[in-house]
Amino acid sequence: IGEQALLKCSFKSSSPITEHLIVDWTYRPLTGGQMETIFHYQSVPYPTTAGKFKDRITWVGNVARGDASIAIQNPVTTDNGTFICSVKNPPDV
């Protein structure tokens with residue numbers, strides 16, 4: 001609580017990394033409910049513009065090195081839940 005939380009995500013791809021690579025981070029609260037996209041990356045980062053993580057997610061990854069990590073600023077206990085990192089690098093999924 002109060003410190004930056006690093007959510008690590010690494011990937012390997014059999015295809016060369018191109019501008020078509022997409023990273024999506026989704027989140028579901030511990031209490032359940034719908035998964036929500038909290039971060040999108042395609043050539044540049046697109047943090048969420050709404051919801052509880054608005055203005056709190058920073059891209060810290062480097063896709064050239066197989067890193068799709070993000071950081072959450074000022075985490076609180078109500079941020080607990082399931083975070084899923086999904087990387088697609090067409091044609092490799």
Problem set entry | Under 22 Å from the Cα of Lys52 - lysines, other chains or at least 8 residues apart | Lys8
Exercise. Got the relative contact order for the chain handy, in percent, Cα pairs under 8 Å and 6 or more residues apart?
Worked result: 43
For this session: Could you state the accessible area per residue of the stretch 4-88 in Å², with a 1.4 Å probe and every protein chain left in place?
Result: 59
Seminar exercise, completed: So Glu19 and Thr77, fully extended at 0.36 nm per residue minus their Cα-Cα distance, gain in nm 17.3 nm
Exercise. Quick one: length gained pulling Val93 to Arg28 fully straight, 0.36 nm per residue minus the C-alpha distance?
Worked result: 21.2 nm
Seminar exercise, completed: In nm, the gap between the two label points placed 7 Å beyond Cα toward Cβ at Ala5 and His40 is 2.3
Exercise. Where a Cα-Cα gap under 23 Å defines reach, which lysines qualify for Lys12, not counting those fewer than 8 residues away within the same chain?
Worked result: Lys88
Seminar exercise, completed: Taking protein heavy atoms only, a 1.4 Å probe, and rounding to whole percent, the accessible area of the chain owed to carbon and sulfur comes out at 53
For this session: Between beta-carbons, use under 15 Å as the cut-off and find the net charge around Ile84, counting Lys and Arg +1, Asp and Glu -1.
Result: 0
Seminar exercise, completed: Charge tally for neighbours of Pro29 with beta carbon under 14 Å away, counting Lys, Arg as +1 and Asp, Glu as -1, is 0
Seminar exercise, completed: Expected vector for the stretch 37-47, Karplus 3J(HN,Hα) from phi with 6.51, -1.76, 1.60 and θ = phi - 60°, integer Hz, x for Gly and Pro, equals 6, 10, 7, 9, 10, 8, 6, 9, x, 10, x
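The values are calculated or read from the model by the stated rules, or taken from the named source; none is laboratory data. What you are looking at is a predicted structure, and each value in this text was computed from that prediction instead of being measured. Counting neighbours? That spans all protein chains shown, and the Cβs are built from the backbone with ideal geometry, glycine included. Ligands, DNA and RNA are stripped out before the accessible areas are found, and what is left, the full protein with its side chains, is counted by its heavy atoms. Shrake-Rupley method; radii C 1.70, N 1.55, O 1.52, S 1.80 Å.
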